[in-house]
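The next block holds one structure in the form of structure tokens; read it before the comments.
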Ligand SMILES: [Mg+2]
């Protein structure tokens with residue numbers, strides 16, 4: 001069961017039908033926010049179109065791709081078993097692929113797949129002294145970790161969750177993520193999600209406090225009180241504004257407020273969490289248990305959101321176990337992750353006692369599934385638990401080749 005080959009495939013899939021309308025939407029949001037939150041007036045430069053990518057500088061938030069981009073990892077064993085994983089790479093998957101091909105390959109070639117946690121630890125420490133304890137490098141070793149867990153499952157013809165501690169539930173509850181700026185249109189998307197069987201929704205909003213409340217109020221009025229409603233504001237606010245927003249949101253029975261402020265400001269996050277009755281969900285950017293210690297010890301937020309394609313299954317299991325010590329539930333982030341991210345998160349969710357709910361995109365699932373040999377989709381807001389080996393999906397290698405990005409170096 002030795003690893004005899006490792007390959008990383010940077011891929012890009014056309015994501016949006018109309019990229020210009022997406023850019024326009026972000027631009028309108030920018031003007032409102034710069035007026036209220038940052039006091040910059042309307043003189044700030046508009047969103048910068050970077051060709052394949054774009055960035056909204058006035059939100060001080062992330063660079064985004066106009067495409068679905070990620071890095072798919074293939075590990076082959078001496079028994080001819082192939083395991084698949086994914087390193088989330090929403091911008092520059094070539095960087096992640098280069099790290100895997102040049103750096104991780106020699107570290108793991110000839111390793112026994114059953115040494116999976118030792119492999120994770122050795123990969124982590126191999127570059128720690130040089131400062132690579134988060135970001136691209138950890139994404140790279142996480143995709144490899146997922147591929148190894150898939151290979152272990154396929155070797156023993158068992159689903160990965162059975163080998164990671166076993167089954168804690170018979171299905172995995174998911175929520176659908178939706179966005180937009182017009183309250184009526186967002187409410188329509190919410191109704192559409194409910195028609196697909198979802199009982200929980202998350203709104204991605206980049207609005208002023210007033211604009212946020214307008215949309216939440218319209219959606220709550222439309223869906224009624226039996227639907228769980230979460231809100232992700234993508235680090236838009238300072239501590240004071242986040243508390244002001246949160247107090248108003250409490251009138252609308254919001255299940256959690258996510259990423260309210262600067263993730264580096266742990267004292268500010270503690271203040272937000274203490275000031276509000278509603279739970280604060282956070283943590284999609286942290287990748288290892290080492291980053292989580294202070295956050296959990298100080299209870300900087302109430303719900304932990306590890307992203308399995310950034311932590312690996314091994315890293316996520318470690319984070320979830322420590323969260324459990326502090327009675328903190330885990331709601332895994334998937335965001336822009338591809339289908340291997342989705343499938344590995346389902347396995348993690350089944351095997352995690354303090355799992356709460358998993359992120360999903362009903363709208364994005366078909367596009368993410370273009371390189372599968374058969375569909376992998378939820379029903380009525382749930383992923384079923386199956387006995388399929390490994391991650392429970394089959395990659396169509398020929399289809400995958402269609403989305404390969406050319407190497408940049
Ligand atoms: Mg988020």
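The values are calculated or read from the model by the stated rules, or taken from the named source; none is laboratory data. What you see is a predicted model; the values in this text were computed from it and never measured. Virtual Cβ from ideal backbone geometry, glycine too; neighbours counted across all protein chains shown.
Can you name the residue in segment 189-199 that is in contact (Cβ under 8 Å) with a residue 12 or more places away in the chain and outside any loop (DSSP other than H, G, I, E, B) and is also farthest from residue 175 (Cα to Cα) among such residues? By that ranking, first place goes to 191. Checked against the criterion of being away from the ligand (no atom under 16 Å from the Cβ), in the same structural domain as residue 192 (by TED's automatic domain parsing) and touching a residue at least 12 places away in the same chain (Cβ under 8 Å), the candidates 269, 318 yield just one match: 318.
Close contacts from segment 223-248, counting a first residue that is outside the structural domain of residue 268 (by TED's automatic domain parsing) and a second that is assigned to a loop (DSSP other than H, G, I, E, B), with Cβ to Cβ under 9 Å and a gap of 6+ residues or different chains, come to none at all. Output the residues belonging to segment 158-191 that are more than 30 Å from residue 352 (Cα to Cα) and either out of contact with any strand residue (DSSP E or B) (no Cβ under 8 Å at 6 or more places or on another chain) or not assigned by TED's automatic domain parsing to the domain that holds residue 222 (or both). If the condition is that a residue be more than 30 Å from residue 352 (Cα to Cα) and either out of contact with any strand residue (DSSP E or B) (no Cβ under 8 Å at 6 or more places or on another chain) or not assigned by TED's automatic domain parsing to the domain that holds residue 222 (or both), then 180, 181, 182, 183, 184, 185, 187, 188, 191 are the ones that fit.
Of all residues in segment 319-335, those being over 18 Å from residue 164 (Cα atoms) and outside any loop (DSSP other than H, G, I, E, B) number 2.
Number of residues in segment 357-407 that are more than 17 Å from residue 150 (Cβ to Cβ), in a loop (DSSP other than H, G, I, E, B) and touching a helix residue (DSSP H, G or I) at 6+ places or on another chain (Cβ under 9 Å): the value is 12.
Say we look at segment 221-244 and pick out the residues that are assigned to a helix (DSSP H, G or I) and farther than 26 Å from residue 283 by Cα; which of these is farthest from the ligand (Cβ to nearest atom)? For segment 221-244, the residue satisfying everything is 221.
Would you point out the residue of segment 336-353, among those that are part of a loop (DSSP other than H, G, I, E, B) and surrounded by 18 or more Cβ atoms within 10 Å (Cβ to Cβ), that is farthest from the ligand (Cβ to nearest atom)? Residue satisfying both the conditions and the ranking: 351.
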